[in-house]
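Trainee: Once you've had a glance at the structure underneath, I'll fire off some questions.
The values are calculated or read from the model by the stated rules, or taken from the named source; none is laboratory data. Just so you know, these numbers come straight off a predicted model, no measurement behind them. In case anyone asks, the SASA skips ligands and DNA or RNA and just uses the protein heavy atoms, side chains included. Shrake-Rupley method; radii C 1.70, N 1.55, O 1.52, S 1.80 Å.
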Amino acid sequence: MVGYGLCKFRENIMRKFLLPILTISILAGCSDTGIAKESSQLEEQKKYEWRLVTSWPKNYPGLGMAPERIANLVEEMSNGQMKITVYGAGEQVPAFGVFDAVSSGSHQMGHSGGYFWKGKVPAAQFFTSVPFGLTADEINAWVNRGGGLELWREIYEPFNIYPIPAGNTGTQMFGWFNKEINSLEDIKGLKMRIPGIGGEVLKEAGGIPVTLPGGELFTALQTGVIDATEWVGPYNDLTFGFHQAAKYYYYPGWHEPGPMLELLINIDAWNSLPKHLQVIIETAAKAVNQDMLDEYLARNNNALTELIEVHGVELRKLPDDVIEEFRLISEKILDDLAKEDETIGRVYESYSEFRKNVSAYHEISEDAFIEARNK
Ligand code: CA
């Protein structure tokens, strides 16, 4: 073993006075503790300052805090080597400009939901949520352990984007309405904000789906630009004050059973990072992916109670026949999409096979237990 100081001295002498070939042979015993250590120290000292754009209002509870928490964790875990500045929707790019910003490299990172890119990457919707699809636990299992992540990365790769799961709201609510939904007739002509395949299902049922960023929903609902809106669930919906613009709050959120959010990273930027920073980012995102779900689950019911008891909101369950119609339409739309688009076909095969298996197991585990507990 040769000491680092001695190696450094020898290296300088070699570079100045001797032939390169000789340098290599004499330095051979130093490589582990000398040159390699020096380059790794340089790598550890280099600072990285990245910008992250999101589709959420700045510091918005739940959704908007996920990228903030990832940024804080990365800075702490990297001992300040990497600093990520988070920008809310519209601060640097529009809410729905996040994918393009990361793809082009104008911003290294983004935080959003894949179903917003359905016009560009239709298969991306499966990695957020599809109607009557996977719950939060189930999509985590499919993405992380069931082949989903490999498909997701393959699909985003042509856009120069590396996706990482980064948050989940849990099962959402169907949303806010100013009239009761008693039959499918009440859906006809209804102008509702509902993104992704859920919106296509509404359209097939006679409604008019609209996609708007969260920050614009309250005004749109209050001014009658839309008749109804879905957003997330009680904790987030209370923050936006939808109860001041609509009276009825409908469940279940058949259209978003467990939407997974995404951390988007420009692939060139990702490849420029040393391995330990990549591991830190992946680990921070994994922690936040679970943390967000915990936050929603811990807070939703208190928020729901406040909406009902303090603000007089009327909670309603969608009629069974309306839910059944939405389910049948969803199946047809998903089957048709899978036939029309080879990529969706492959993703849908993996997704639906996983859903079939996990449903069969949940029937005799979680579903059976919940039924027993709630009796
Ligand atoms: Ca939603």
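Trainee: Amide H to amide H, which residues 5 or more places from Gly253 or on other chains are under 5 Å from it, using H placed in the peptide plane?
Mentor: The list, which skips near neighbours in sequence, is Gln172, Phe174.
Trainee: Given H placed 1.01 Å from N in the peptide plane, which residues other than close sequence neighbours of Met82 have an amide H under 5 Å from its amide H?
Mentor: Under 5 Å from the amide H of Met82: Tyr48.
Trainee: What are the ³J(HN,Hα) couplings of the stretch 303-319, residue after residue, when phi is run through the Karplus curve with 6.51, -1.76, 1.60 and θ = phi - 60°? Round to Hz, x for glycine and proline.
Mentor: Result, ordered by residue: 5, 4, 4, 5, 4, 7, 7, 8, 9, x, 5, 9, 7, 9, 9, 4, x Hz.
Trainee: Return P(r) of the stretch 170-220 (all Cα-Cα pairs; 5 Å bins starting at 0; whole %; ordered from short to long distances).
Mentor: 5, 19, 29, 27, 16, 4, 0
Trainee: Collect residues whose amide H, placed 1.01 Å from N in the peptide plane, falls under 5 Å from the amide H of Val53; neighbours closer than 5 in sequence don't count.
Mentor: Tyr87, Met109, Gly110, His111
Trainee: Can you tell me the orientation of helix 136-145 relative to the chain, as the angle in degrees between its alpha-carbon axis and the longest Cα principal axis, to the nearest 10?
Mentor: 30
Trainee: Further question on the same structure: Taking θ = phi - 60°, what integer Hz values does the Karplus form 6.51 cos²θ - 1.76 cosθ + 1.60 yield along the stretch 48-63, in sequence order, with x for Gly and Pro?
Mentor: Residue by residue, the stretch 48-63 yields 10, 10, 10, 10, 10, 9, 10, 9, 10, x, 4, 6, 5, x, x, 3 Hz.
Trainee: Rank these residues by their accessible area, most exposed first, probe 1.4 Å: Ser183, Ser55. Kindly include the intermediate steps, with their values, before the conclusion.
Mentor: Working: Ser183 40, Ser55 5 Å².
Of Ser183, Ser55, the descending order of accessible area is Ser183, Ser55.
Trainee: With the cut-off at 24 Å, tell me which of the pairs Lys58/Lys188; Lys179/Lys332; Lys120/Lys275; Lys120/Lys317; Lys188/Lys247 have Cα atoms farther apart than that. It would help to have the intermediate numbers written out before the result.
Mentor: Details: Lys58/Lys188 35 Å; Lys179/Lys332 28 Å; Lys120/Lys275 31 Å; Lys120/Lys317 34 Å; Lys188/Lys247 19 Å.
The pairs that break the limit, which is 24 Å between Cα atoms, are Lys58/Lys188; Lys179/Lys332; Lys120/Lys275; Lys120/Lys317.
Trainee: Cα gyration tensor of the stretch 266-375, axes a ≥ b ≥ c as square roots of the eigenvalues: rounded (a/c below 1.5), prolate (a/b > b/c) or oblate? Show your work: numbers first, answer last.
Mentor: Numbers: a/c = 1.89, a/b = 1.22, b/c = 1.55.
The shape class here is oblate.
Trainee: Return one quarter of the surface area of the convex hull spanned by the alpha-carbon atoms of the stretch 132-245, equal to its mean projected area, in nm².
Mentor: Values: hull surface 34.1 nm².
Approximately 8.5 nm², given one-decimal rounding.
Trainee: Compute the angle between helix 342-364 and the longest alpha-carbon principal axis of the chain, please, reported from 0 to 90 degrees and rounded to the nearest 10.
Mentor: Value to nearest ten degrees: 70.
Trainee: Binning every alpha carbon pair distance of the stretch 240-308 at 10 Å from zero, what are the percents per bin?
Mentor: Distribution as computed: 14, 32, 26, 17, 10, 0 percent.
Trainee: Between the helical axis of 4-17 and the dominant principal axis of the chain, each derived from Cα atoms, what acute angle in degrees is found, rounded to the nearest 10?
Mentor: Computed tilt is about 60 degrees.
Trainee: Tell me whether the stretch 93-166 comes out rounded, prolate or oblate; compute the Cα gyration tensor, take square roots of the eigenvalues as a ≥ b ≥ c, and use a/c under 1.5 as the rounded threshold. Intermediate values should be presented prior to the final figure.
Mentor: On the way: a/c = 2.01, a/b = 1.62, b/c = 1.24.
It comes out prolate by the Cα gyration axes.
Trainee: Can you compute the equivalent ellipsoid semi-axes for the stretch 28-162, i.e. the square root of 5 times each eigenvalue of the Cα gyration tensor, sorted largest first and rounded to whole Å?
Mentor: Working: eigenvalues 207, 82, 46 Å².
Square roots of five times the eigenvalues give 32, 20, 15 Å.
Trainee: For the stretch 139-185, state what percent of all Cα-Cα pairs lands in each successive 10 Å bin, counting from 0 Å until the bin that includes the largest distance.
Mentor: 20, 31, 19, 21, 9
Trainee: Shifting gears a bit: Per residue, how much accessible area does the stretch 116-205 have with a 1.4 Å probe, in Å²?
Mentor: Working: 3010 Å² over 90 residues.
Using a 1.4 Å probe on heavy atoms only, each residue of the stretch 116-205 averages 33 Å².
Trainee: Moving to a separate point now. Could you state the principal axis extents of the C-alpha atoms in the chain, from the largest down, to the nearest angstrom?
Mentor: The Cα atoms of the chain stretch 90, 42, 39 Å along their principal axes.
Trainee: On the protein heavy atoms, probe 1.4 angstrom, tell me the percent of accessible surface of the stretch 186-265 carried by carbon and sulfur.
Mentor: On the way: 1210 of 2350 Å².
Accessible surface attributable to carbon and sulfur in the stretch 186-265 totals 51 percent.
Trainee: Could you work out [θ]222 nm for the chain from helices alone, using -39500 (n - 2.57) per DSSP H run of at least four and dividing by all its residues? Round to the nearest 500 deg cm²/dmol. Write out the running numbers ahead of the final one.
Mentor: Working: 15 runs with 186 residues, N = 375.
Computed mean residue ellipticity for the chain: -15500 deg cm²/dmol.
Trainee: What does DSSP give for the chain in terms of the percent of beta bridges that are antiparallel, rounded to the nearest 5?
Mentor: About 45 percent, rounded to the nearest 5.
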